[in-house]
Amino acid sequence: MPDKYTELFISELTTKCNTLSALIVAATTYVSIRNDWLEKKSDWRWGVTSGKLRFNRISTQSNVDAMSEIIKVLRNDNEYPSFYEKIFKIKMLKGKLTKGGHGRKLIEAWLLVTQHQTLSYIPHNLSSCVDSIVIGKHVCSKSWPYQLNWSTEAFLYENDDRTQRHVIKEIPQSSQSSLHNVQENAKKELRVLKRVYSCPNFYPKDKRTGNEVFEYISPFKGKLMSLPGGKMGKVACSIIVPPIDGYSLKQFALSKNFDQGKRVVFANMFSFLRKLHKTNIAHRDCCWTNVKIISKAYDVFLISYSTAVEFDEYNYKSFKDFMKEDLAMGITNVFKTIHYASRAERFIYEKMLSKSNFNFILKEYDLRYWVKGKLYNHFDAFYEDQGPRVLQLMKDWLGENKWAAPRPNVHKKMFGID
């Protein structure tokens with residue numbers, strides 16, 4: 001029969017689905033209750049419900065100090081960055097806790113759960129509930145959590161020598177779509193990403209290890225994930241994919257290399273989009289946070305294929321519309337990034353989205369594949385269609401009037417938005 005601290009740990013584990021945070025809650029409660037007793041005048045107390053152990057103030061203080069050290073180790077990612085370093089240190093500190101006491105039983109329960117997770121691949125319980133997993137016969141430890149977008153979070157797992165790295169991406173259930181549709185979309189996203197990632201035209205060979213894993217994980221009943229606003233949601237499924245190292249176009253806009261590299265980055269972005277369309281894939285969400293710069297030479301890779309479509313799924317007319325959406329987002333990225341980097345207090349729609357600026361983008365970044373080719377017969381048709389699309393996307397970002405005219409401290413407010 002587990003004691004109350006171990007029971008609290010198990011309860012927290014089932015609700016928070018994270019062994020570290022569950023142990024912190026139970027250990028903190030243990031320290032708090034022991035400190036409350038130490039403030040009293042009693043010289044001794046009985047330990048464990050059966051009354052077989054007896055503790056004086058010295059032994060109680062020793063247990064409190066040991067558990068406090070354990071809590072510090074759990075929270076200190078700088079001194080103990082690896083999950084295995086934390087385990088090793090906590091195993092040493094466990095010896096300072098009285099054998100058979102509540103504190104020691106709690107740590108032994110945590111180590112047992114952790115050992116089980118590191119020894120076996122748990123296909124139904126991946127991501128936020130697991131601190132280490134086995135993929136490809138390698139134990140991988142959780143490195144960092146990352147909120148991919150408003151509804152999806154992911155966790156990076158690395159093995160100790162850092163040669164094998166994986167992202168486990170959790171996808172939430174949706175109130176607008178059935179569980180089956182969400183899962184099918186996840187499988188499609190996985191298929192498209194694998195197709196794009198595996199092609200040397202898109203992702204450089206020298207950046208691949210050859211150990212990449214693309215895998216779909218069925219949902220674990222009752223598994224929860226964090227959503228924006230501190231809310232929790234049920235997980236529909238998870239997918240394992242390799243991480244794409246780099247920084248987004250939005251981050252690049254505020255870097256010191258922006259003026260030097262912006263022309264190459266924009267050209268590479270449109271080049272990637274062109275190759276994607278030639279492969280009969282439309283991205284449909286190539287906003288600036290999904291455009292990643294992956295090398296010092298400003299190579300570009302588009303991430304997040306959850307809304308991507310392949311040509312064989314739609315008729316040609318629909319696919320052309322999707323290509324037009326991609327092109328509009330790409331052009332919007334140019335205007336948005338330059339404006340964001342300038343820190344200007346206003347964006348004059350009529351002046352910035354002029355015919356001459358669109359013509360400059362057409363020639364500077366070689367959009368001939370779409371203009372005078374795949375989508376439009378001539379420049380006027382291109383501008384008449386893309387102009388309103390880009391205008392709407394810019395207004396969706398900046399607002400109809402909110403930032404279109406000078407306002408006090410507008411740049412301070414503006415540079416925190418997405």
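The values are calculated or read from the model by the stated rules, or taken from the named source; none is laboratory data. Keep in mind the model is a prediction, meaning the values are calculated, not measured. Ideal geometry is used to build each Cβ from the backbone, glycine not excepted, and the neighbour counts take in all protein chains shown.
Looking at the stretch 248-258, is at least one residue outside any helix (DSSP H, G or I), under 16 Å from the mean Cα position of the chain (by Cα) and modelled with pLDDT under 90? Yes, there is a match, as at least one residue in the stretch 248-258 is outside any helix (DSSP H, G or I), under 16 Å from the mean Cα position of the chain (by Cα) and modelled with pLDDT under 90. Among the residues of the stretch 199-214 satisfying the criterion of being under 16 Å from Val300 (Cβ atoms) and assigned to a loop (DSSP other than H, G, I, E, B), which is nearest to the chain's Cα centre (by Cα)? Here the answer is Tyr203. Inside the stretch 86-102, residues that are crowded, with 16+ Cβ neighbours inside 10 Å and either at pLDDT below 80 or not in a loop (DSSP other than H, G, I, E, B) (or both) make up a count of 7.
Note on the stretch 195-215: among residues that are at pLDDT 90 or above and buried (at least 17 other Cβ atoms within 10 Å of the Cβ), the one that is nearest to Pro242 (Cα to Cα) is Tyr197.
Could you list all residues from the stretch 168-191 that are modelled with pLDDT of 90 or more and farther than 13 Å from Gly233 by Cβ? Listed by number, the residues that qualify are Ser178, His180, Asn181, Gln183, Glu184, Asn185, Ala186, Lys187, Lys188, Glu189, Leu190, Arg191. The residue that is nearest to the chain's Cα centre (by Cα), among those in the stretch 269-298 that are in a strand (DSSP E or B) and among the β-branched types (Val, Ile, Thr), is Val291.
Could you please give the count of residues in the stretch 161-187 that are of a type in the set (D, E, K, R) and crowded, with 17+ Cβ neighbours inside 10 Å?
Looking only at the stretch 161-187, we keep the residues that are of a type in the set (D, E, K, R), and these are 161-162, 165, 169-170, 184, 187.
The next check asks that each one be crowded, with 17+ Cβ neighbours inside 10 Å; those that pass are 165, 169-170.
Total satisfying the criteria: 3.
Quick check on the stretch 312-327. Is at least one of its residues over 19 Å from Phe270 (Cβ atoms), under 31 Å from the mean Cα position of the chain (by Cα) and either at pLDDT 90 or above or acidic (Asp, Glu) (or both)? Yes, the stretch 312-327 contains a residue that is over 19 Å from Phe270 (Cβ atoms), under 31 Å from the mean Cα position of the chain (by Cα) and either at pLDDT 90 or above or acidic (Asp, Glu) (or both). Checking each residue in the stretch 376-418 for being among the hydrophobic types (A, V, I, L, M, F, W, C) and modelled with pLDDT of 90 or more picks out Phe379, Ala381, Phe382, Val390, Leu391, Leu393, Met394. Considering (1) outside any strand (DSSP E or B); (2) closer than 20 Å to Ser306 by Cβ; (3) at pLDDT below 85, the lone condition that Ser226 does not fulfil carries the number (1). Residue count for the stretch 255-290, restricted to those that are surrounded by fewer than 16 Cβ atoms within 10 Å (Cβ to Cβ) and small (Gly, Ala, Ser): 2. What are the pairs with Cβ atoms under 9 angstrom where one residue, in the stretch 38-62, is modelled with pLDDT under 55 and the other, located anywhere, is assigned to a helix (DSSP H, G or I)? Sequence gap at least six, or different chains. Within 9 Å, the pairs are Val48/His102; Val48/Lys105; Thr49/Lys4. Any residue that is buried (at least 17 other Cβ atoms within 10 Å of the Cβ), in contact with a strand residue (DSSP E or B) (Cβ under 7 Å, 6 or more places away or on another chain) and closer than 23 Å to Arg195 by Cβ - is there at least one of those in the stretch 345-362? No, the stretch 345-362 contains no residue that is buried (at least 17 other Cβ atoms within 10 Å of the Cβ), in contact with a strand residue (DSSP E or B) (Cβ under 7 Å, 6 or more places away or on another chain) and closer than 23 Å to Arg195 by Cβ.
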